[in-house]
Amino acid sequence: MTALGSVRLLDGRVSFRLHARSVWVCGAILVVTLGALVTALVVGDYHVPLGDAVRAVFGESTRMAELFVARRRLPRALTAVLVGIALGVAGAVFQSLTRNPLGSPDIVGFGQGASTGAVVVLLLFGGGATQTALGAFAGGLVSAAAVYLLALKGGAHGYRLVLVGIGVSAMLIAFNNYLVTRAELTDARAATVWIVGSLYERRWPEAVLMAVALLVLVPVVLALSRALSVLDIGDEGATALGVRVEPTRLVLIVAAVGLTAVATACAGPVAFVALVAPQVARRLTGSPGPGLVPAGLLGGALLLISDLVAQRLTSPGELPVGVVTGAVGGVYLAWLLYREWRSGRG
Amino acid sequence: MLSRSTGLVLCLAALVGCALLSVAVGARSVPLSTVLEALWSSDGSYDALVVAQQRVPRTVLGVLVGAALGLAGALMQSLTRNPLADPGLLGVNSGAAAAVVSAIAFLGLTGPLEYVWFAFGGAAVAALVVYGLGSSGRAAGPVRLALAGTAISAVLVAYTYAVQLADDKALDQFRFWIVGGLAGRDMDVLVRVAPFLVVGILVALFLARPLNVIALGDETGRALGANLGRVRLTAAAAITLLCGAATAAAGPFSFIGLTVPHIARSLVGADQRWVLPYSALLAPCLLLGADVVGRVVLPPSELEAGLVTAFLGAPVFIALVRGRKVAQL
């Protein structure tokens with residue numbers, strides 16, 4: 001674990017410590033992501049030659065290449081990467097804040113609330129894709145706010161936040177299950193696909209929305225990443241080191257929930273990315289602390305590769321991407337854990 | 001302030017009350033006198049048959065399943081020292097679900113009685129894999145079990161969704177199983193799972209003292225002569241028995257196992273010798289109460305106990321968590 005030294009920006013107001021292995025790992029993940037991105041443009045029910053695909057990205061190409069690559073595959077692949085980054089970063093923030101490897105935005109009831117919002121719009125009002133996304137966005141935010149406010153009593157103590165989240169989530173899950181069991185089978189199916197998380201027919205609006213959300217929120221989270229590692233030593237210790245605990249925690253929660261909210265509106269509550277990406281990233285980099293950047297990059301790679309697999313595995317017709325993220329992420333995490341534990345580390 | 005033993009007697013009384021309600025109340029109104037008579041001897045009437053063949057087994061099953069879930073949850077949280085750990089964390093619920101959805105999709109099974117062995121088998125295999133992964137290299141510690149459970153559950157849940165989405169028939173049956181309920185569970189189901197539940201409950205209650213010792217931390221526990229590995233393995237086996245059999249009988253009720261131990265700890269503190277019996281009595285109260293409410297709230301249909309449990313239990317749970325200083329693990 002050799003440090004590469006530190007990088008200072010803005011007259012030293014922002015500084016990072018670079019960790020040599022983290023840099024290598026992030027570089028490797030980026031290369032994998034880029035490779036998957038190119039594959040995503042070329043491969044599909046209609047094969048586009050590599051040259052045509054690349055030209056289509058930069059404007060001039062055949063009509064078919066433009067139709068498939070520029071209007072469908074590129075925005076979908078970008079949405080996948082951006083959603084994955086958002087979920088990975090949000091997961092890392094929550095695991096670090098709660099000091100719990102099971103932490104994810106779902107502990108404040110986010111995923112369940114978003115599902116409730118979407119399921120209500122889908123099953124009770126028969127809404128379309130945009131309305132469903134809005135319903136999910138609103139449902140997730142309302143339940144996260146409700147959990148935070150219910151847990152707020154002389155400071156949202158981490159432990160109480162977790163317990164209130166359990167209670168609210170349970171009610172929301174029960175309500176979702178109630179609606180799904182009472183619905184017509186085709187509607188129940190549509191709701192299930194949404195709950196699993198899917199990137200089917202995601203185009204430029206989703207990609208742009210995701211990019212804007214990341215540009216606004218990721219810098220906020222990164223600026224607080226030092227404070228986040230300090231919070232790890234406990235509230236008293238962090239206060240002693242000059243971190244204003246409660247406001248820092250609130251801003252981090254709001255930013256992480258915001259990232260999850262936009263990601264969920266775009267793709268549904270894709271399972272396990274937020275849970276698995278930070279754990280895998282932490283094991284690859286071997287560095288202590290929250291590891292926000294590697295977690296985000298890994299989330300992006302995981303979601304993009306999973307979406308490729310989801311599209312091709314049962315072609316024609318496709319699986320929702322959440323099925324694959326769960327399977328791929330779970331198997332990979334299990335393998336990493338096995339290797340680590342066999343060799344007596346950790 | 002009541003003493004803890006008085007409280008325990010009150011919990012027992014509440015459980016007896018819930019059990020009587022569960023025998024007396026239902027879609028078909030049976031006079032209380034007939035109900036009480038039918039408990040001892042059948043006069044052959046239809047009312048007596050309903051009570052003896054449907055409500056009594058359903059109530060006994062509710063008591064056992066509830067106690068099993070409460071105990072499994074308390075063991076799991078104590079074993080992993082994690083408040084987010086529900087008994088399903090060992091992969092029990094997701095293993096059972098994967099096996100049930102396979103049984104529906106590939107073997108064409110249709111009812112709770114037919115699912116029982118599949119659910120139980122799936123639960124046991126998943127728990128073995130999680131425990132095996134968690135103890136590779138050396139003994140399984142709390143964080144390891146939580147992580148191993150997360151990884152294996154991720155894969156099993158993904159598989160379960162894939163099968164449901166590929167097969168409408170599986171989706172249609174599975175969406176009712178996953179909710180969890182006691183409706184339609186008769187004597188046949190009870191007879192199959194009761195032995196496992198009873199053994200599991202006894203083992204769990206005997207674990208109270210060793211769990212107290214290892215709660216002091218690994219080093220202190222060892223210094224006091226506790227065999228950490230053996231306690232953890234026994235607890236994991238008990239959780240698998242309890243939660244596997246309960247899930248096989250009634251579907252996955254993760255809410256009960258997750259919350260009742262927290263409620264018990266808020267009442268009696270962190271001493272497992274009290275937490276375990278309180279959990280074992282409070283959990284079936286919640287389950288039976290929910291089951292009774294579910295029978296009468298939406299006539300003529302029933303609302304599944306799994307749903308009512310969360311709707312009734314969650315607000316109580318949130319109020320408790322807000323109102324008291326919760327005893328941490």
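The values are calculated or read from the model by the stated rules, or taken from the named source; none is laboratory data. Keep in mind that what you see is a predicted model, and the values were worked out from it rather than measured. Reconstructed Cβ throughout: ideal geometry from the backbone, glycine too, with neighbour counts over all protein chains shown. Areas reflect the complete protein model, heavy atoms only, side chains present, ligands, DNA and RNA absent. Shrake-Rupley method; radii C 1.70, N 1.55, O 1.52, S 1.80 Å.
Which whole-number percent gives the relative contact order of region A:17-342, counting Cα pairs below 8 Å spaced six or more residues apart?
Working: 526 pairs, mean separation 95.2, N = 326.
So the answer I get is 29 percent.
Could you work out the relative contact order of region B:54-323, using alpha carbon pairs under 8 angstrom and six or more residues apart, expressed as a whole percent? Walk me through the intermediate numbers first.
On the way: 447 pairs, mean separation 89.2, N = 270.
So the answer I get is 33 percent.
Is there a quick way to get the dipole size of region B:54-323? I mean about its Cα centre, with the Cβ of Lys and Arg at +1 and of Asp and Glu at -1; what is the value in debye to the nearest 20?
Numbers: 17 positive and 13 negative charges, 152 e Å.
Taking the Cα centre of region B:54-323 as origin, the dipole is about 720 debye.
Along each of its three principal axes, how wide is the spread of alpha-carbon positions in region B:102-180, in whole angstrom units, largest first?
43, 23, 21
Which residue, A:G111, A:G268, A:G326, tops the fluctuation ranking in a GNM of chain A built on C-alpha contacts under 10 Å?
Result for chain A, Cα springs under 10 Å: A:G326 fluctuates most.
Counting only protein heavy atoms and a 1.4 Å probe, tell me what percentage of the protein assembly as shown's accessible area is made up of carbon and sulfur. Intermediate values should be presented prior to the final figure.
Numbers: 18570 of 27730 Å².
Looking at the protein assembly as shown in its full context, I get 67 percent from C and S.
Scan around A:H19 for amide H atoms under 5 Å from its own, H built in the peptide plane at 1.01 Å from N, and keep only partners 5 or more places away or cross-chain.
Counting only residues 5 or more places away or on other chains, the set is A:L4.
Within chain A, what's the longest run with no chymotrypsin sites (Phe, Trp or Tyr not before Pro) in a DSSP loop and at most 13 other beta-carbon atoms within 10 Å? Give the range, please.
Values: sites that count: A:Y46, A:F58, A:F125.
That gives A:126-346 as the longest site-free run.
Given the options B:P299, B:P210, B:A235, identify the residue whose Cα lies farthest towards the positive end of the charge dipole of region B:199-308 (+1 on Cβ of Lys, Arg; -1 on Cβ of Asp, Glu).
B:P210
How large is the dipole of the protein assembly as shown about the Cα centre if only Lys and Arg carry +1 and Asp and Glu carry -1, each at its Cβ, rounded to the nearest 20 debye?
Numbers: 47 positive and 33 negative charges, 385 e Å.
It comes to approximately 1840 debye.
Return the residues of region B:161-199 for which accessible area with all protein chains present is lower than in the chain on its own by 10 Å² or more; set the probe to 1.4 Å and exclude ligands, DNA and RNA.
Residues of region B:161-199 that lose at least 10 Å² of accessible area once the other chains are added: B:Y161, B:A162, B:L165, B:D168, B:L171, B:D172, B:R175, B:F176, B:I178, B:V179.
Once you place label points 7 Å from the Cα toward the Cβ at B:A237 and B:D167, how far apart are they in nm?
3.4
Summarise the partner chain shielding of A:329-342 as one whole number: the mean count of Cβ atoms from other chains within 10 Å of each residue's Cβ.
Details: counts 5, 11, 5, 3, 7, 10, 2, 2, 10, 7, 2, 4, 11, 3.
For this peptide, the per-residue mean of nearby foreign Cβ atoms is 6.
At 1.4 Å probe size, with every protein chain present, just tell me what the per residue accessible area of the protein assembly as shown comes to in Å². Mind showing how you got there, number by number?
Numbers: 27730 Å² over 675 residues.
With the other protein chains kept in place, the protein assembly as shown gives 41 Å² per residue.
Which of A:L123, A:G111, A:Y200 sits closest to the plus end of the dipole of region A:96-221, meaning its Cα is farthest towards the positive end, when Lys and Arg get +1 and Asp and Glu get -1 on the C-beta?
A:G111
Test of understanding: what is the full-extension gain from A:L50 to A:L30, defined as 0.36 nm times their sequence separation minus their Cα-Cα distance?
Working: separation 20, 0.36 × 20 = 7.20 nm, distance 1.98 nm.
The A:L50-A:L30 span can extend by a further 5.2 nm.
Place a +1 charge on the Cβ of each Lys and Arg in region A:17-342 and a -1 charge on the Cβ of each Asp and Glu, then give the dipole magnitude about the Cα centre in debye, rounded to the nearest 20.
Details: 23 positive and 16 negative charges, 100 e Å.
Here region A:17-342 has a charge dipole of around 480 debye.
Between the chain alone and the structure with every protein chain in place, find the residues of region B:305-324 that drop at least 20 Å² of accessible area; heavy atoms, 1.4 Å probe.
Residues passing the criterion (a loss of at least 20 Å², heavy atoms only) are B:L307, B:A310, B:F311, B:A314, B:F317, B:I318, B:V321, B:R322.
Taking a 1.4 Å probe, which of B:L61, B:L241 shows the most accessible area, and what order do the others take after it? The partial results should precede the final answer.
Numbers: B:L61 0, B:L241 50 Å².
Solvent-accessible surface, decreasing: B:L241, B:L61.
Let me check against my output: what whole-number percent is the relative contact order of region A:265-346, with C-alpha pairs under 8 Å and at least 6 apart? Intermediate values should be presented prior to the final figure.
Values: 72 pairs, mean separation 27.2, N = 82.
Taking the mean separation of contacting Cα pairs over the length of region A:265-346, I get 33 percent.
Any idea of the total accessible area buried by the B-A contact, 1.4 Å probe, rounded to 100 Å²?
The B and A chains share an interface burying roughly 4500 Å².
Return the calculated 222 nm mean residue ellipticity for chain B, to the nearest 500 deg cm²/dmol, obtained by summing -39500 (n - 2.57) across DSSP H runs with n ≥ 4 and dividing by the residue count. Before the final figure, lay out the partial values.
Details: 15 runs with 249 residues, N = 329.
Using -39500 (n - 2.57) per qualifying helix, the result is -25500 deg cm²/dmol.
As a check on your grasp of the helix formula, calculate [θ] at 222 nm for chain A: sum -39500 (n - 2.57) over DSSP H runs of n ≥ 4, divide by the residue count, round to the nearest 500. Let's see the in-between values first.
On the way: 14 runs with 239 residues, N = 346.
When only DSSP H runs of four or more count, the value is -23000 deg cm²/dmol.
Check each of the trypsin sites (Lys or Arg not before Pro) in region B:227-329 and keep only those in coil by DSSP with at most 13 other C-beta atoms within 10 angstrom; list them in order.
Details: sites: B:R230, B:R232, B:R265, B:R273, B:R295, B:R322, B:R324, B:K325; in loops: B:R324, B:K325.
Within region B:227-329, the qualifying trypsin sites (Lys or Arg not before Pro) (loop, at most 13 other Cβ atoms within 10 Å) are B:R324, B:K325.
Taking DSSP loops as anything outside H, G, I, E and B, show the longest stretch in chain A free of GluC sites (Glu not before Pro) there with at most 11 other beta carbons within 10 Å.
Working: sites that count: A:E60, A:E184, A:E201.
Segment A:202-346 is the longest.
For a quick check, take a GNM of chain A with Cα springs below 10 Å and name the residue from A:R182, A:R202, A:R312 with the largest mean-square fluctuation.
With Cα springs under 10 Å in chain A, the top fluctuation among A:R182, A:R202, A:R312 is at A:R182.
With heavy atoms of protein chains only and a 1.4 Å probe, what residues of region B:41-89 have at least 40 Å² less accessible area in the full set of chains than alone?
Residues passing the criterion (a loss of at least 40 Å², heavy atoms only) are B:P83, B:L84.
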